[in-house]
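One structure is given here, and the rest of the page talks about it.
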Amino acid sequence: MAKKAIAAAGYARRSSDLQERSVPDQKAYVEKWATANGYRIVRWYVDDAISGTSTKGRDQFERMIADAESKGRCDFEAVLCYDISRFSRGGTNETGYYLHRLGLVGVNAIFPAEGIPEGDEGELLQGVKSWQARQYSVKLSRDSIRGQHSTVTVRKSAMGGPAPYGYDRQYITPAGSVLRTIRTLPDGRREEFGADGRRIRIIDKCEHIGRKMKSDIVRLVPGEPGQVEAVRRIFEMCADGYGFRNIVIDLNTRGVSGPRRTRWNRQAVKTILQNPCYYGSLVWNRRTFGKLHGVEADGTPRRKTVVESTRNARSKWIVIENVHEPIISKQLFEKAQAAMEERRGKGGLARPTNRYLLSGLIRCSHCGFNFWGCVVKNAKGDHRYYVDAGYRAQGIKVCRSTSISTEALDEWVLAQLRALMLAEGDGWNDAVERFIESVVEAGRSPRSRPRDTSKEIAAVEQRIQATVTLLTDGDLSDLPELKERLVQLKNQRQELVSRGAAAIEAPAAHTSVTDLREWAHERLDQLQRGLAGKLPAHELRNMVQAYVDRIEIAPYKQIGTIHLPCSLADSLTRGHVSRVTSSSSSHSCRVDVATRLASPR
């Protein structure tokens, strides 16, 4: 009587979708061996084009282990796999772990191509072969990194994957002749153009473009004109002070298609703004996708402890400049980076839109807290007010409830600035000359003693501690106004520390009289345009903060006082000192303009 065949499950895996015959070859070999050795394969588990360096993502492998461990439902007594490298390249520990789990439920793992004998000798040989399978992957990973680094740094050829938004991938010969150009479409398909620029075909997402010759070089070239224009607009808006949110709104309002999706989001905009490729540089190692190794800044492999893809620090990026045609200038790129860094340091105070004109300028003379901007909704619509933060944060024991219409207070402040300009009459040129004279004289005079800022710093420290205490209150910790106030105070403290650290006041910049006169007229022209309503919101706010020192509100008297320079000449001097020393203060006198303000509740 013939012996009954042993039920077995077959497992096959191929690492690359270019190994077209790998899985069929594995199956054929294993099935032939099974027939010759008394096994019957009841089902196959196949992981297609998946690396064996980890079991993560190998759905069929994990399903096979789960089926083997299912009590009463497992219908096989063995697992047949071509060799250990197909089963796992995770090393002796990982391979042994899964072999042990199979052994606990009585399922034997057999590798027909290895010829591993039974007993202690077989167990030792199995461990050695598992280690060898792992080392093959480790060596292949190191060799791949060296090859990629050479491709980028020596041949200056872009690596695989879709081109950055706004660019196409162009394949050229070492002599510079164009072979073809590949453009990624928003839906994931690709468009191929010939050397003459004519479209050849549309390539589906799952279809291969085709192998390229090792000698081919891949360059980035500006692609679809609409995308190129969108990239330029993103950088220009960022350099002008707009944040990610406002750029996203602008692009989506205009109906501009985002990268591989229909609508833009913050991450897509941020990714573009941080990519040096847009000023003509080839960038590699922004992210590490390898499971075994990362890459150092000099191109050497580094063992990874986490198998997931990781974003690398900018210091590890490998950037080769002047490789391909830029979309923007390097100066615009650096200006955008500086704008992002400035916004990052200021927190929410850097928002150019949806902020209030007098943000950070209004202070309560009773409690010392700033006024916040807020929106009050009622049946008549939304109304914007400046409200006392002391009352909002700590209640009536600290200060009374005071709210002032933003429209009324904004217009009053602008009216005071208009009055400052009109007070000069036709004497703008005289104001400019007085300003130049004061700057030149300051350059000749002995340097003044530094201003003692220790008391101011101590006062700010107290307000910081008070605000931090409020943030620890569960009922107040989620108030964005408190967090904004904390950012304001920290910036104020940093400014005072920087100012006090200087042993002497910085001397006036060595600027010619002609340059001073030109700068002053530009400054006054900007003021005139702002008061005429011809400046964007964020530029108008910057202009107001350049001329207005502070606004004090006396809540119980309902009196508002604005502190302004005495004259246009003094305002120009103050602006010039700020420009030279990065300080918002000067020694010019101030005029206090007070008015009685309505304070609607």
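Can you say whether D143 is in contact with a strand residue (DSSP E or B) (Cβ under 8 Å, 6 or more places away or on another chain) and surrounded by fewer than 20 Cβ atoms within 10 Å (Cβ to Cβ), as far as the supplied structure shows?
Numbers: in contact with a strand residue (DSSP E or B) (Cβ under 8 Å, 6 or more places away or on another chain): no; surrounded by fewer than 20 Cβ atoms within 10 Å (Cβ to Cβ): yes.
When the stated conditions are applied, D143 does not pass them.
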Hits in the stretch 72-96 (condition: free of Cβ contacts under 8 Å to residues at least 12 places away in the same chain and either over 40 Å from the mean Cα position of the chain (by Cα) or over 23 Å from A113 (Cβ atoms) (or both)): G72, R73
Selection count where residues are crowded, with 17+ Cβ neighbours inside 10 Å, modelled with pLDDT under 75 and not in a loop (DSSP other than H, G, I, E, B), scope the stretch 536-579: 11
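Quick one: is K214 basic (K, R), outside any strand (DSSP E or B), closer than 15 Å to Y171 by Cα and out of contact with any helix residue (DSSP H, G or I) (no Cβ under 6 Å at 6 or more places or on another chain)?
Numbers: basic (K, R): yes; outside any strand (DSSP E or B): yes; closer than 15 Å to Y171 by Cα: yes; out of contact with any helix residue (DSSP H, G or I) (no Cβ under 6 Å at 6 or more places or on another chain): yes.
Taking the combined requirement at face value, the residue satisfies it.
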Output for the stretch 246-277, where each listed residue is touching a strand residue (DSSP E or B) at 6+ places or on another chain (Cβ under 9 Å), farther than 19 Å from R343 by Cβ and polar (S, T, N, Q): N252
Conditions (1) modelled with pLDDT of 85 or more; (2) within 21 Å of the chain's Cα centre (by Cα); (3) surrounded by 13 or more Cβ atoms within 10 Å (Cβ to Cβ); number of the one not met by N312: (1)
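Please return the ranges of strands (runs of 3 or more DSSP E) entirely within the stretch 316-431 where 3 or more residues are modelled with pLDDT of 85 or more.
Values: elements: 318-320, 362-364, 371-378, 381-388, 403-405.
Of the strands (runs of 3 or more DSSP E) lying wholly inside the stretch 316-431, those with at least 3 residues that are modelled with pLDDT of 85 or more span 362-364, 381-388, 403-405.
For the stretch 35-67, how many residues meet the condition of being under 45 Å from the mean Cα position of the chain (by Cα) and without any contact (Cβ under 8 Å) to a residue 60 or more places away in the chain? Lay out the reasoning, then the answer.
Looking only at the stretch 35-67, we keep the residues that are under 45 Å from the mean Cα position of the chain (by Cα), and these are 44-67.
Right, trim to without any contact (Cβ under 8 Å) to a residue 60 or more places away in the chain and you get 44-50, 55, 57-67.
Total satisfying the criteria: 19.
Out of everything in the stretch 198-233 that is hydrophobic (A, V, I, L, M, F, W, C) and in contact with a Ser or Thr (Cβ under 8 Å, 6 or more places away or on another chain), what residue ends up being farthest from C277 (Cα to Cα)? Outline the logic, then answer.
Quick first cut of the stretch 198-233, residues hydrophobic (A, V, I, L, M, F, W, C) only: 200, 202-203, 206, 209, 213, 217-218, 220-221, 228, 230-231.
Checking the rest, the ones that are also in contact with a Ser or Thr (Cβ under 8 Å, 6 or more places away or on another chain) come to 217-218, 221.
Numbers: I217: 17, V218: 14, V221: 11 Å.
Only one residue fits best here, namely I217.
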Residue match in the stretch 387-402 (condition: touching a Pro at 6+ places or on another chain (Cβ under 8 Å), among the hydrophobic types (A, V, I, L, M, F, W, C) and surrounded by 14 or more Cβ atoms within 10 Å (Cβ to Cβ)): yes
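The values are calculated or read from the model by the stated rules, or taken from the named source; none is laboratory data. Computed from a predicted structure; not experimentally measured. Heads up, the Cβs are rebuilt from the backbone with ideal geometry, glycines too, and the neighbour counts pull from every protein chain shown.
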